[in-house]
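Structure record follows, encoded as structure tokens.
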Amino acid sequence: MTTTTTRRSLLAGSAALVALGLSVGATSAADKITIRMSTPATETDQRSVALATVFAPAVADFATYEPHYNASLFKQGTELEAIARGNLEMSITSAQELATIFPEFSIFTAGYLHRDAEHQKKVFAADFMAPLKQKVEDELGVKLLAVMYLGRRQLNLRIDKEIRTPADLAGVKLRMPGSDAWQFLGKALGASPVPLAFTEIYTALQTGAIDGQDNPLPTDRDSKFYEVTKQIVLTSHLVDLNYIAFSKKVWDGLTPEQQATVQKAADDAAESGRQKQLALEAELEQFFKDKGLKVYTPDIDAFRTQVQKAYLESDFAKSWPEGMIDKINAL
Ligand code: KDO
């Protein structure tokens with residue numbers, strides 16, 4: 001399906017729900033609403049933990065939080081569509097997924113763009129973000145409540161070969177999630193990207209169907225990728241994020257007080273997850289070394305130069321709002 005077709009059918013789907021006056025997720029005013037959250041992440045991932053321990057209790061007076069982990073309710077990458085169609089209330093979505101519907105979001109998928117977790121927060125809160133959030137809300141029926149820090153993505157390989165520059169990745173089958181923006185990042189790094197869902201990585205590493213994958217250190221530990229790989233190359237090629245995505249239809253059914261509670265719960269959960277993820281990133285290098293993996297820093301300048309050039313010359317860059325790269329860099 002093309003981006004345009006996907007977008008058109010999704011937008012038609014949300015419009016139909018509105019026209020029918022259907023209530024999504026919300027029942028009668030007296031009842032608690034159910035907030036189903038679907039993610040490919042595990043239950044022990046810090047974003048999942050933050051939502052379960054900070055978000056859920058904060059909204060418990062009027063909502064039952066119902067998380068579904070490991071892509072058990074919706075496949076990775078289909079959650080936004082599920083929210084737009086009224087089949088899901090919440091997810092942790094990526095800029096790469098949003099970019100399949102709204103190409104301008106590809107700006108946030110560019111390697112070596114966000115500097116760190118703090119920079120991500122500033123970008124999400126910036127004035128120039130408001131029209132983008134509004135567009136997602138108006139056209140897809142999805143509210144982006146907060147930005148969650150996933151961490152700095154590093155290469156994690158089952159092959160022994162030392163990787164110093166992008167040229168060393170030639171022919172390396174690097175698993176990336178299955179959308180254009182992710183595949184482009186794999187290519188920009190110099191590798192041969194292979195699209196695969198998150199839940200299939202471990203087996204693909206184990207069987208040798210792929211040579212490696214990229215994820216932040218806390219994810220590598222949480223999903224035990226160290227058991228089936230030999231090295232971690234600290235490229236830090238993407239300071240990765242996820243947005244807390246919430247059904248606009250459900251939001252509109254809440255009272256102003258409840259809306260404020262949901263917003264604060266999302267902000268607090270994002271902050272809690274961010275701090276825990278940062279702490280883990282700082283301590284995990286030693287964990288992997290103790291497990292027998294090589295952990296080293298390659299020629300970051302060589303990676304940065306190649307990746308930034310690839311993005312600036314790409315078709316993605318044509319969809320980026322005028323001057324936004326400079327505004328992001330200036331924050
Ligand atoms: C992944 O598939 O590698 C990725 O890290 C991409 C993220 O955007 C996010 O979907 C994440 O998986 C899942 O939440 C699992 O951690």
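Read-outs: derived from the displayed coordinates by stated rules, not from any lab. The structure displayed is predicted, hence computed values, not measured ones. We place every Cβ from the backbone using ideal geometry, glycine too, and count neighbours over all the protein chains shown.
Could you sort the peptides 70-79, 279-288, 104-113, 86-95 by per-residue average Cβ neighbour count (10 Å cutoff), highest mean leading? Working shown, then result.
Values: 70-79: 18.8, 279-288: 14.9, 104-113: 22.4, 86-95: 24.3.
Packing proxy ranking, top to bottom: 86-95, 104-113, 70-79, 279-288.
So, with +1 on the Cβ of K and R and -1 on the Cβ of D and E, and no other charges, what is the size of the charge dipole of the stretch 179-331 about its Cα centre, to the nearest 20 debye? Let's see the in-between values first.
Working: 16 positive and 23 negative charges, 31 e Å.
My answer is approximately 160 debye.
Looking at the stretch 117-209, which GluC sites (Glu not before Pro) are in a loop (DSSP not H, G, I, E or B) and have at most 14 other Cβ atoms within 10 Å? The partial results should precede the final answer.
On the way: sites: Glu118, Glu137, Glu139, Glu162, Glu200; in loops: Glu162.
The qualifying sites are Glu162.
Can you spot the aspartates and glutamates whose alpha carbon is less than 19 Å from Lys135's alpha carbon? Ignore those fewer than 8 places along the same chain.
Glu79, Glu81, Glu89, Glu97, Glu104, Asp127, Asp252, Glu322
How do 46-53, 299-306 rank on mean C-beta neighbours within 10 Å, highest first? Could the numbers behind the result be given before it?
Numbers: 46-53: 21.1, 299-306: 15.5.
My ranking of the peptides, most packed first, is 46-53, 299-306.
I want the local charge near Asn70. Using Cβ-Cβ distances under 15 Å, sum +1 for each Lys or Arg and -1 for each Asp or Glu among the other residues.
Details: positive: Arg36, Arg47, Lys75, Lys224; negative: Glu43, Asp45, Glu66, Glu79, Glu200, Asp222.
Combined, the nearby Lys, Arg, Asp and Glu give -2.
Report, in order of residue number, the helices in the chain meeting two criteria: a C-alpha extent of 27 Å or more along the helix axis, and a mean Kyte-Doolittle hydropathy of at least 1.6; treat each whole DSSP H run as one helix. Mind dumping the intermediate values first?
Details: long enough: 256-290 (50 Å, -1.00).
For the chain, where a helix must reach 27 Å along its axis and average at least 1.6, there are no hits.
With +1 on each Lys and Arg Cβ and -1 on each Asp and Glu Cβ, how big is the dipole of the chain about its Cα centre, in debye rounded to the nearest 20?
440 debye
Using per-residue counts of other Cβ atoms within 10 Å, averaged over each peptide, order 309-322, 163-176 from highest down. Mind showing how you got there, number by number?
Details: 309-322: 14.0, 163-176: 18.4.
Highest mean packing first, the order is 163-176, 309-322.
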